[in-house]
Amino acid sequence: MAINIKTEDEIEYMRESCRLLGIVHYELGQIIRPGISTADIDEQGEALIRKLGGIPNFLNYNGYPASICVSVNDEVVHGIPTKDRILQEGDIVSLDAGLIYRGYHSDAARTYGVGEISPEAAKLIEVTRDSFFAGITKARAGCRLHDISAAIDDYVTPYGYGIVEDLCGHGIGTHLHESPNIPNFRQRRRGPKLKKGMTLAIEPMINMGTEEVEWLDDDWTVVTCDGMYSAHYENTVLITDSEPEILTLHEEERKKLQGGNICQRQM
Ligand code: MF3
Ligand code: CO
């Protein structure tokens, strides 16, 4: 399937949708602490999305029952929030959120430590985030789609982590999932050429141990097969004539990235 090229007007809608999502993530990042339930996070996330004038796009998507995917420790993605899942000191928690604003979708994910976490867990979160930034060095007009995949793979592999292969990033626009699929590992072919006006959700999912994952009986929650931790980092990105525009970064995150080697910055 062809990859949509967004018009200038559509890009403005994408920017606004993504800017609002950046606010949602930023605010949710502030409430993460031991004692909060995953359902509380979902409730507050949904309320904020609606307050900002957005519609949660995950809610009822193929029957998914919440607005925010909350995935704890060995849960990779698509964890279902519940009242009785209480975050504990030392956990890591991935929040995946999206919204629709004036018909345009945004999608982003962050992984947070809950209270004090082990240095190993912190490293996993950092490398996962930085692999996104390594990937988007190739998110440029003239590069090819799988150059992004290869750059993520090359960044992560030296750490000995498992790159999840069963789930991918994706195009995004008037639908949450558009063409193309964006694998986070090296491909045999370089894939289609990237063009100005493409909007892509790039989302490495990285496991501390094996890359193998399985689905729980709820048919949603993806977990690592070895029970080790997994982290997720995602932004919706616009391909331009030069640097990619990371549409879902919050102002505060952007500030921390400015004026330095993007891959080395703490966010
Ligand atoms: N961000 C997720 C993805 O790109 C979307 C989750 S869909 C849901 O796959 F239904 F699980 F919410
Ligand atoms: Co996504």
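Any read-out appearing in this document is the output of simple, stated calculations on the displayed coordinates, not a laboratory observation. In this text, all values refer to a predicted model and were calculated from it rather than measured experimentally. Ideal geometry is used to build each Cβ from the backbone, glycine not excepted, and the neighbour counts take in all protein chains shown.
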With the dipole of segment 8-256 defined by +1 on each Lys or Arg Cβ and -1 on each Asp or Glu Cβ, the option from Tyr61, Ile32, Leu194 whose Cα lies farthest towards the positive pole is Leu194
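Which number gives the lysine pairs in the chain that have C-alpha atoms under 15 Å apart and are eight or more places apart or on different chains? List each step's numbers first, then the result.
Numbers: Lys6/Lys195; Lys6/Lys196; Lys138/Lys193; Lys138/Lys195; Lys138/Lys196.
Lysine pairs, 8 or more places apart or on different chains, close enough: 5.
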For segment 124-214, the dipole about the Cα centre with charges only on Cβ (Lys and Arg +1, Asp and Glu -1), to the nearest 20 debye, works out at 800 debye
From the Cα centre of segment 106-176 to that of segment 1-24, the distance in Å is 20 Å
Compactness summary of segment 141-267: radius of gyration and Dmax from Cα atoms, Å, are 15.5, 46
On each of the three principal axes the extent of the alpha-carbon atoms of segment 8-256, given in whole Å and largest first, is 47, 42, 36
Out of Asp40, Asp218, Asp91, a Gaussian network model of the chain with alpha-carbon springs under 10 Å gives the largest mean-square fluctuation to Asp218
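Where the only charges are on Cβ atoms (+1 Lys, Arg; -1 Asp, Glu), what is the dipole of the chain about its Cα centre, to the nearest 20 debye? All intermediate terms of the calculation are to be shown ahead of the outcome.
Details: 26 positive and 42 negative charges, 247 e Å.
It works out to roughly 1180 debye.
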Listed residues Lys255, Lys195, Lys138; largest mean-square fluctuation, Gaussian network over the chain with Cα springs below 10 Å, found at Lys255
Highest GNM mean-square fluctuation among Gly45, Gly63, Gly98, for the chain with Cα springs under 10 Å, belongs to Gly63
